[in-house]
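Participant: A single structure is presented below for examination.
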């Protein structure tokens with residue numbers, strides 16, 4: 001899989017669909033639609049719906065999606081969404097602590113950026129880094 005240079009990444013909340021096109025027009029190397037921290041709990045499903053409508057109306061758009069963490073109730077719905085939409089170029093997977101968690105997301109066939117955010121994730125970083133479809137690692141506090 002070819003790895004692209006990402007010098008700048010712009011996050012946009014999935015609950016703010018009026019910002020999607022502006023983010024894509026910004027010139028950022030990657031636009032990341034956030035389903036996780038930037039979206040209030042009651043709006044998680046709406047964030048997916050918002051991006052789905054946008055991607056259907058804008059077939060040339062390519063975005064990354066930061067999905068909810070493996071333990072979150074919306075995680076599997078987020079994974080299914082990413083798999084179903086060609087406009088999703090890749091997935092940011094927060095709070096990763098094992099290669100098995102990455103494997104669930106690898107079923108989408110999309111590139112993955114695991115986000116290491118815990119000591120457990122750091123201890124498993126080598127296996128996470130070598131998991132299928134991992135393009136690069138990210139670290140979060």
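Participant: Tell me the angle of helix 75-84 to the major Cα principal axis of the chain, expressed in degrees between 0 and 90 and rounded to the nearest ten.
Facilitator: Helix 75-84 sits roughly 60 degrees off the main axis of the chain.
Participant: On to the next question. To the nearest Å, what is the center-to-center distance of the range 94-141 and the range 64-84, using C-alpha atoms only?
Facilitator: Distance between centres, Cα-based: 14 Å.
Participant: Report the residues of the range 70-102 in range of a label on residue 136: point 7 Å along Cα→C-beta, backbone N strictly under 19 Å from it.
Facilitator: Of the residues in the range 70-102, 88-96 have backbone N under 19 Å from the label point off residue 136.
Participant: While we're on this one: Given the DSSP H assignment, sum -39500 (n - 2.57) over each helix run of at least 4 residues in the chain and divide by its residue total; what's the result at 222 nm in deg cm²/dmol, nearest 500?
Facilitator: On the way: 6 runs with 47 residues, N = 141.
Estimated from H runs of four or more residues: -9000 deg cm²/dmol.
Participant: Another question about this same structure. Under the 0.36 nm per residue contour assumption, what length would be gained going from the current alpha-carbon distance of residue 46 and residue 76 to full extension?
Facilitator: On the way: separation 30, 0.36 × 30 = 10.80 nm, distance 1.51 nm.
Extra length available between residue 46 and residue 76 comes to 9.3 nm.
Participant: Which angle from 0 to 90°, rounded to the nearest 10, does the C-alpha axis of helix 44-57 make with the longest principal axis of the chain?
Facilitator: The helix 44-57 is inclined about 60 degrees to the chain.
Participant: Calculate the FRET efficiency for residue 7 and residue 58 from the Cβ-Cβ distance with a Förster distance of 30 Å, rounded to the nearest 0.05. The partial results should precede the final answer.
Facilitator: Values: r = 24 Å, r/R0 = 0.78.
Using R0 = 30 Å, I get an efficiency of 0.80.
Only the coordinates and a few stated rules stand behind these numbers; no lab work does. Fair warning: this is a prediction, and the values are worked out from it, not measured in the lab. All Cβ positions, glycine included, derive from the backbone under ideal geometry; neighbour counts span all protein chains shown.
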